[in-house]
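The values are calculated or read from the model by the stated rules, or taken from the named source; none is laboratory data. Not measured: the values here are computed from a predicted model. With ideal geometry, Cβ positions are generated from the backbone for all residues, glycine too; neighbour counts draw on all protein chains shown.
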Amino acid sequence: MLDGKSVLVTGGTGSFGKKFIRTILERFNPRKVIVYSRDEYKQYLMRNEFAKHQKKLRFFLGDVRDERRLYRAFADVDIVVHAAALKHVPILEYNPIEAIKTNINGAINVIDAALDRGVEKVIALSTDKAVNPVNLYGATKLVSDKLFVSANAYAGKKRTRFAVVRYGNVAGSRGSVIPFFMKLVKQGATELPITDFRMTRFWITLNEGVELVLKAIEEAKGGEIYVAKIPSFKVVDLAKAIGSSCRLKEVGIREGEKLHEVMIAEEDARTTYEYENHFVIYPQYRWWNVEVKPGGKRVPEGFRYSSDKNDRWLSVDELRELIKKIDIVY
């Protein structure tokens with residue numbers, strides 16, 4: 001699938017980027033892999049970490065806000081995975097223009113560069129927060145999703161196709177609550193703060209996120225939004241799994257925070273199909289005429305894929321075992 005291909009990952013030094021790049025270097029034989037990011041120190045660390053792959057790796061300093069730099073980086077590139085984004089919800093509430101510059105204007109730049117450079121396929125990473133957004137981060141990612149889906153209309157007879165992969169916070173990543181709880185427990189805390197005892201979340205690992213992106217690269221015809229089928233858990237159960245002897249204290253929901261993660265809204269149910277391990281939301285536009293991939297079944301009217309309405313739930317013991325198997329990023 002990726003043998004002989006030139007692959008570029010924006011935000012390539014992040015948690016997902018590193019895992020994705022390591023996976024494709026070990027499983028496939030790409031012609032080259034370009035790490036596109038703006039942090040030279042992270043690139044330095046990654047260059048050392050991936051020393052045995054140095055013949056195929058290229059480290060390209062740049063920001064997705066810089067259209068001209070993207071045009072340079074996208075030369076002779078076949079596959080782009082767009083993982084670069086500003087993501088911290090409270091910080092982006094205070095810095096909305098910066099979020100728009102990266103998450104929306106950056107998406108436009110990626111689309112334009114991919115079309116004009118003749119990239120074969122672009123897979124953009126999304127988030128549950130883009131569904132019925134209540135915070136600025138989610139709103140910018142909703143716009144980004146719309147841009148990437150609609151970009152297929154601009155491709156015309158060009159080979160470039162765009163698709164989206166959507167999932168929530170990755171277990172153990174820097175943005176998840178797991179390292180926060182673990183750090184408190186290591187420091188001897190006797191109490192763990194929970195914003196709301198009713199809160200639920202989906203459980204997805206970096207490996208699962210990478211596999212879904214690989215599936216999108218292999219299958220997408222243009223315009224699809226891929227959503228992983230994954231279990232849910234209660235945040236209070238997660239806290240019990242990490243600090244079994246700690247008291248739990250409800251401290252109040254943060255600005256821009258949701259009680260539950262939603263991956264598929266009811267309004268998208270009419271064009272959503274369920275497959276064995278994932279869902280696909282197909283475009284609702286008249287111009288979209290790609291056939292639905294065989295093997296799926298249309299979800300019922302009014303279907304909503306939310307972490308509080310799941311049919312798969314993780315217990316405290318299951319969470320405790322899963323936490324042992326993931327990489328924690330502090």
Determine whether the range 289-308 contains at least one residue that is farther than 20 Å from Arg201 by Cα, in contact with a Lys or Arg (Cβ under 8 Å, 6 or more places away or on another chain) and crowded, with 16+ Cβ neighbours inside 10 Å.
-> no
Within the range 182-206, how many residues are touching a helix residue (DSSP H, G or I) at 6+ places or on another chain (Cβ under 9 Å) and loosely packed, with under 14 Cβ neighbours inside 10 Å?
-> 2
Flagged in the range 11-56 as buried (at least 19 other Cβ atoms within 10 Å of the Cβ) and either within 12 Å of Ile79 (Cβ to Cβ) or among the aliphatic types (A, V, I, L, M) (or both), in numbering order, are Phe20, Ile21, Ile24, Pro30, Val33, Ile34, Val35, Met46
Pairs under 7 Å by beta carbon, first residue touching a residue at least 12 places away in the same chain (Cβ under 8 Å) and on the phi > 0 side of the Ramachandran plot in the range 161-183, partner in a helix (DSSP H, G or I) and of a type outside the set (Ser, Thr, Tyr), six or more apart or different chains?
-> Gly172/Ile178; Gly172/Pro179
Just one of Val235, Val280 is under 22 Å from the mean Cα position of the chain (by Cα), touching a residue at least 40 places away in the same chain (Cβ under 8 Å) and within 17 Å of Ala130 (Cβ to Cβ); which is it?
-> Val280
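Restricting the search to the range 90-122, which residues are in contact (Cβ under 8 Å) with a residue 12 or more places away in the chain and not in a helix (DSSP H, G or I)?
Once the filter is applied, which keeps residues that are in contact (Cβ under 8 Å) with a residue 12 or more places away in the chain and not in a helix (DSSP H, G or I), the range 90-122 yields Gly118, Val119, Glu120, Lys121, Val122.
Would you be able to say whether some residue in the range 232-243 is more than 19 Å from Pro179 (Cβ to Cβ) and either in contact with a helix residue (DSSP H, G or I) (Cβ under 8 Å, 6 or more places away or on another chain) or at pLDDT below 95 (or both)?
There is no residue in the range 232-243 that is more than 19 Å from Pro179 (Cβ to Cβ) and either in contact with a helix residue (DSSP H, G or I) (Cβ under 8 Å, 6 or more places away or on another chain) or at pLDDT below 95 (or both).
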